[in-house]
Amino acid sequence: MECKAFKKCGGCQLSMSYEQQLEYKQQKANRLLSRFCRVEPIAAAENDCHYRNKVQTVYKTARSGAIVSGVFRSSDKGITVIEDCRLEDRRASAVIAAMRPLLGSFRINPYNPVSGKGVLRHTLVRVGSKGTMVVLVVNKAAVPGAKGLARELAGRCSDVKSVILNVNPSGMPLTLGKQSTVLYGVSYAEDELCGCTFRISPAAFYQVNSAQTEKLYSLALDAAEIKKGTRLIDAYCGTGTIGILCEKRGALVAGCEINGDAVKDARINSRINGCENISFFARDAGDFMKALAQDGEKVDVVMMDPPRAGASRAFLEAVGELRPKRVVYVSCGIDTLARDLGVLRKYGYKANIIQPVDMFPHTTGIETVVGLRSLEV
């Protein structure tokens, strides 16, 4: 059944049955990628609803005086009110439902981008297998009642293990500021993935569909053909998830990530999981690989998971210079993936497996794992 907020919200983009969605995505993957090699049948989600473990919510005071919540409309700075989202993890929805009356009780008013009044810009709820983290994003550091709200929220939602106050004085919607204070519990969420535990800080990138992520990463690891001692670079490594899983299969891993905060999380995660053969570098991955190539170093695999915009030309040039035996490309943007595979083909890499994964049901997004081999091997 179609959501009442369809087209007003933007969260769901496809108004069709799940079977039709899979066929639509398969056809798109075939159209864009089949020139590189056969495209495997898309890996469907067992649960196509309530899968998002990360939820950002904005609030406003209705004419009745009650506080309501929903999604931000960038077109007019308004809010589309949503009470029951079929994409959100139910634990996140429960937190948001509990939050609405508590804001009024503790006199923490939602920020109005038109009038400039109010304090709460939005909340970020991140659900992990070991508890839920709630981030209150506000426009000033002093928020009377914030600690009381945090304790009350944790009392009402037993899954909440962390409540954080994040100060973002800028006008950019749905972004985090640099200053954070723990109001309740710890400063992170924890999630178990493929047998490993990962600590997630508020600003860290982490896949939003944990069940499908396990499929995605398992496919990526299989494509890497890891054996004990395989030398592997985890480019765009973020908080180290893929690299740590590769290390657990026996790889010697160097993770590269330009975001220093993410590298700190990655190092913590490697210690939590008892990794001994992985190092993380707060460097541009392309520069790191070029330096290795200039030093005559050899690697077996480059594992790359770039943002939606795809890899930069400089990064792909660095792959061409380093010449790993295999490249595993994990993509969240199928259009830029097609572009980048064309470039990698010019550098002598041929795709041997293309596996789409439906990470984001009810949206047009397609996650894809591509395994490539060097024609020189």
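The values are calculated or read from the model by the stated rules, or taken from the named source; none is laboratory data. Remember, predicted model here, so these are calculated numbers, not experimental data. Backbone-built Cβ (ideal geometry, glycine too); neighbour counts: all protein chains shown.
Points to keep in mind about this one:
- Considering segment 364-377, the residues that are of a type in the set (S, T, N, Q) and in contact with a Leu (Cβ under 7 Å, 6 or more places away or on another chain) include one that is modelled with the lowest pLDDT, namely 364.
- On inspection, residue 257 qualifies as in contact with a Gly (Cβ under 8 Å, 6 or more places away or on another chain), assigned by TED's automatic domain parsing to the domain that holds residue 357 and not hydroxyl-bearing (Ser, Thr, Tyr).
- Residues in segment 230-245 that are within 16 Å of the chain's Cα centre (by Cα) and of a type in the set (A, V, I, L, M, F, W, C): 3 in all.
- Breaking point among (1) closer than 20 Å to residue 93 by Cα; (2) surrounded by 20 or more Cβ atoms within 10 Å (Cβ to Cβ); (3) hydrophobic (A, V, I, L, M, F, W, C), for residue 174: (2)
- Checking each residue in segment 152-171 for being surrounded by 14 or more Cβ atoms within 10 Å (Cβ to Cβ) and of a type outside the set (D, E, K, R) picks out 153, 154, 157, 160, 162, 163, 164, 165, 166, 167, 168.
- Close pairs from segment 322-345: first outside the structural domain of residue 232 (by TED's automatic domain parsing) and modelled with pLDDT under 95, partner surrounded by fewer than 21 Cβ atoms within 10 Å (Cβ to Cβ) and polar (S, T, N, Q), Cβ under 9 Å, at least 6 apart: none
- Strands (runs of 3 or more DSSP E) within segment 263-377 that include 2 or more residues aliphatic (A, V, I, L, M): 301-304, 326-331, 349-357, 367-374
- Subset tally (residues that are assigned to a helix (DSSP H, G or I) and surrounded by 18 or more Cβ atoms within 10 Å (Cβ to Cβ)) for segment 54-93: 3
Condition check ((1) of a type in the set (Ser, Thr, Tyr); (2) surrounded by fewer than 24 Cβ atoms within 10 Å (Cβ to Cβ); (3) within 30 Å of residue 202 (Cβ to Cβ)) across all residues:
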position: 229; (1), (2), (3): no, yes, no
position: 235; (1), (2), (3): no, no, yes
position: 240; (1), (2), (3): no, no, yes
position: 257; (1), (2), (3): no, no, yes
position: 281; (1), (2), (3): no, yes, yes
position: 285; (1), (2), (3): no, no, yes
position: 288; (1), (2), (3): no, yes, yes
position: 306; (1), (2), (3): no, yes, yes
position: 320; (1), (2), (3): no, yes, no
